[in-house]
Amino acid sequence: MSIDANGLQSLCNLPTVTGLLHIDEYGEALYSSIDDDQLTEYISFVAGMNETITEQSELGVINRIVIKGPGEENLILLKDSDATIAICSEKRSAPSELCKKVEAILKDQA
């Protein structure tokens, strides 16, 4: 998932996006607008578990994970073979609609 600084800024500027983390295949942060270290660690953990979840679930390749928290935000992880983009968003936004916008920006970056 190749994305440049302009693409990252476009993602951060989407309505209802409250934070963004771009991590490589090893879980290292390439870019972050998230100030919460615990949340960053959690996102890296979930992204790292994707391969195990894929193998155990028999659902095929999982490239999108949506976690709806009990608070005011959702967490969306979009993963490919070499990177993950995690987006925190206000709960009032529909994850499917936000994913479409994010995927359109990522497609323009390709």
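The values are calculated or read from the model by the stated rules, or taken from the named source; none is laboratory data. The structure displayed is predicted, hence computed values, not measured ones. We place every Cβ from the backbone using ideal geometry, glycine too, and count neighbours over all the protein chains shown.
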Search result, residues across region 15-35 that are more than 13 Å from the chain's Cα centre (by Cα) and surrounded by 16 or more Cβ atoms within 10 Å (Cβ to Cβ):
Thr16
Just a yes or no: is a residue in region 65-87 assigned to a helix (DSSP H, G or I) and either among the hydroxyl-bearing types (Ser, Thr, Tyr) or farther than 21 Å from Gln109 by Cβ (or both)?
no
Pairs only if they're at least six apart or on different chains, beta carbon under 6 angstrom, first in region 62-74 and small (Gly, Ala, Ser), second at pLDDT below 90 and not in a strand (DSSP E or B); list them, first residue then second.
none
Which numbered condition Phe45 fails, given (1) loosely packed, with under 12 Cβ neighbours inside 10 Å; (2) assigned to a loop (DSSP other than H, G, I, E, B):
(2)
State the number of residues belonging to region 24-42 that are among the aliphatic types (A, V, I, L, M) and touching a helix residue (DSSP H, G or I) at 6+ places or on another chain (Cβ under 6 Å).
1
Hey, could you check region 25-61 for residues that are in contact with a Leu (Cβ under 9 Å, 6 or more places away or on another chain) and either polar (S, T, N, Q) or touching a residue at least 60 places away in the same chain (Cβ under 8 Å) (or both) and say which is farthest from Glu73 (Cα to Cα)?
Asn50
Residues of region 22-43 being closer than 17 Å to Asp82 by Cα and out of contact with any strand residue (DSSP E or B) (no Cβ under 6 Å at 6 or more places or on another chain), in sequence order, are Glu25, Tyr26, Gly27, Glu28
In region 66-101, anything of a type outside the set (Asp, Glu), out of contact with any Ser or Thr (no Cβ under 9 Å at 6 or more places or on another chain) and closer than 19 Å to Ser2 by Cα is listed as Lys79, Ser81, Ile85, Cys99, Lys100, Lys101
Name every residue in region 54-64 that is touching a helix residue (DSSP H, G or I) at 6+ places or on another chain (Cβ under 9 Å) and either in a strand (DSSP E or B) or exposed (fewer than 13 other Cβ atoms within 10 Å of the Cβ) (or both), in order of residue number.
Leu59, Gly60, Val61, Arg64
Taking only region 1-33 into account, find how many residues are out of contact with any Ser or Thr (no Cβ under 6 Å at 6 or more places or on another chain) and hydrophobic (A, V, I, L, M, F, W, C).
8
